[in-house]
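Visitor: Encoded as structure tokens, here's the structure I'll be asking about.
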Amino acid sequence: MALKAGPNGGSRHSVEARTRALVVGPYLDHRARQKATSGGAIQAARGRTNEARLFEASGLAHAIDLEVVAERMLPITQIRPATFLGKGNVSELAALVSAEDIDLVFMDCVLSPVQQRNLEKTFAAKVIDRTGLILEIFGRRARTREGALQVELAHLAYQKSRLVRSWTHLERQRGGFGFLGGPGETQIEADRRLIEERMTRIEHDLEGVKRTRGLHRKSRRAVPYPVVALVGYTNAGKSTLFNRLTEASVVAEDMLFATLDPTLRRVALPHGGQVILSDTVGFISDLPTMLIKAFRATLEEVLEADLILHVRDIAHEDAEAQRGDVEAILTGLGIDPANDRRLMEVWNKCDLLDDASLTAARTGTQLSSYDKPVIVSALTGQGLEDLRAAIEERLANGRILFDVTLDPANGAGLNWLHENAEVMRKNTESDGIVHVRVRVPPERAEPLRRKFRASATRCA
């Protein structure tokens, strides 16, 4: 059996063994956050208790199969340039790492390369920050070539400033990307050149992916199927909801970032119309900027969607904070959550709440009557018919209804309507005359009007 060397050179763990990890939450107190210049530290604190943040950090560690040996929450008053933490905290953690035989220390913050290296020397163990761990998780989850390229690009951008010999156990476990690096200055320069060359090649490949996605979107716009995109905080239940609505089998687990690669399926609505439903990667607080940039091509599905369903875990204690994080990322993508009429909230996991808790949640969320949320349980199926009806109603806004009468022999005309409009209703009289009610977006109205000289009614 292959063995892994311990810090003193001994062989004590097999490669297959789960990595023993310490999760550290070094969170600034309120006064310190106001003075801090670290954007990541401030963003991560939005509306959350430190206990909730540490719980999420442990969830990230478990999502990559780390064995969490211990958790430590460390309130700090300032960020130290050399080690992020003060000397006392560093010494305490070093003793814990040694006593518990810990391989990896996960710091739930954004570390500079210098801070990471100094902590690794002191702990004699691998240190990884929030950005690094999320990148490793994404490396594990990518299933398509596009997803793998996007994650690798983000990894390389992160690695450029961290060209040192680094711990590679995660890379040996089921594929993550790990970190490049060399022991000397010459090797570091060579690595930097290789990284830049690889990034250029990946960006070129992703441009091809972007063009292909653009062609796919163009072809979808040529048929009358609106696109409905699911967005939300990671583990909010998007994939479970997607499976319920489409009868698909997308991976849906109680795990952060269970879904990474986008998936598209058709869904039938109550009155016969159809939409294309798109499942997307989950968001999280302090999502690394390079990941948002790398996944831009994928997230364009959201940007161009006709309707955006913000799926929320309404039973989560940090539901409002998660909502704020998702809206912040949408804002960064160019979507205005306050004014974009395509957004609709879907409150998932209602089976975990009683009526009083749901009422309290409604009271605590400021939404207009137009933005009234749809309450569902993707797990039990509760509320899904209401959701389909709400999707249909929202998509109908601004669309135009036509009543078309066809001769029995006009099969080509009926086929044209099915291909170019949403057929809402069809009745055939005893003499074979066909009456069809269809719905189209405004830009499709004039070709239909010219072809059939039909009467039109704009949906409210």
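The values are calculated or read from the model by the stated rules, or taken from the named source; none is laboratory data. These figures come from a predicted structure and were not determined experimentally. As a convention, Cβ positions derive from the backbone with ideal geometry for all residues, glycine included, and neighbour counts pool all protein chains shown.
Visitor: Going residue by residue through region 134-142, is there one that turns out to be crowded, with 20+ Cβ neighbours inside 10 Å, closer than 13 Å to I64 by Cβ and without any contact (Cβ under 8 Å) to a residue 60 or more places away in the chain?
Guide: yes
Visitor: Output the residues belonging to region 353-382 that are surrounded by fewer than 17 Cβ atoms within 10 Å (Cβ to Cβ), in a loop (DSSP other than H, G, I, E, B) and modelled with pLDDT of 75 or more.
Guide: D354, K372, L379, T380, G381, Q382
Visitor: Something else about it: Out of curiosity, is T405 of a type outside the set (D, E), touching a His at 6+ places or on another chain (Cβ under 6 Å) and either modelled with pLDDT of 90 or more or over 21 Å from A445 (Cβ atoms) (or both)?
Guide: yes
Visitor: Which condition does D407 not pass, out of (1) assigned by TED's automatic domain parsing to the domain that holds K372; (2) over 27 Å from L245 (Cα atoms); (3) among the acidic types (D, E), if it passes all the others?
Guide: (1)
Visitor: So, one more: Between a residue in region 371-392 that is in the same structural domain as T240 (by TED's automatic domain parsing) and on the phi > 0 side of the Ramachandran plot and any residue that is surrounded by 20 or more Cβ atoms within 10 Å (Cβ to Cβ) and in a loop (DSSP other than H, G, I, E, B), which pairs come within a Cβ distance under 8 Å, given they are 6 or more apart or on different chains?
Guide: If the second residue must be surrounded by 20 or more Cβ atoms within 10 Å (Cβ to Cβ) and in a loop (DSSP other than H, G, I, E, B), the pairs left are G383/V376; G383/S377.
Visitor: Does L180 qualify as being part of a helix (DSSP H, G or I), more than 18 Å from the chain's Cα centre (by Cα), at pLDDT below 80 and of a type in the set (A, V, I, L, M)?
Guide: Judged against the criteria, L180 is not a match.
Visitor: Scan region 91-115 residue by residue and report those that are touching a Lys or Arg at 6+ places or on another chain (Cβ under 9 Å), more than 17 Å from T19 (Cβ to Cβ), surrounded by fewer than 19 Cβ atoms within 10 Å (Cβ to Cβ) and not charged (D, E, K, R).
Guide: Passing the criteria: only P113.
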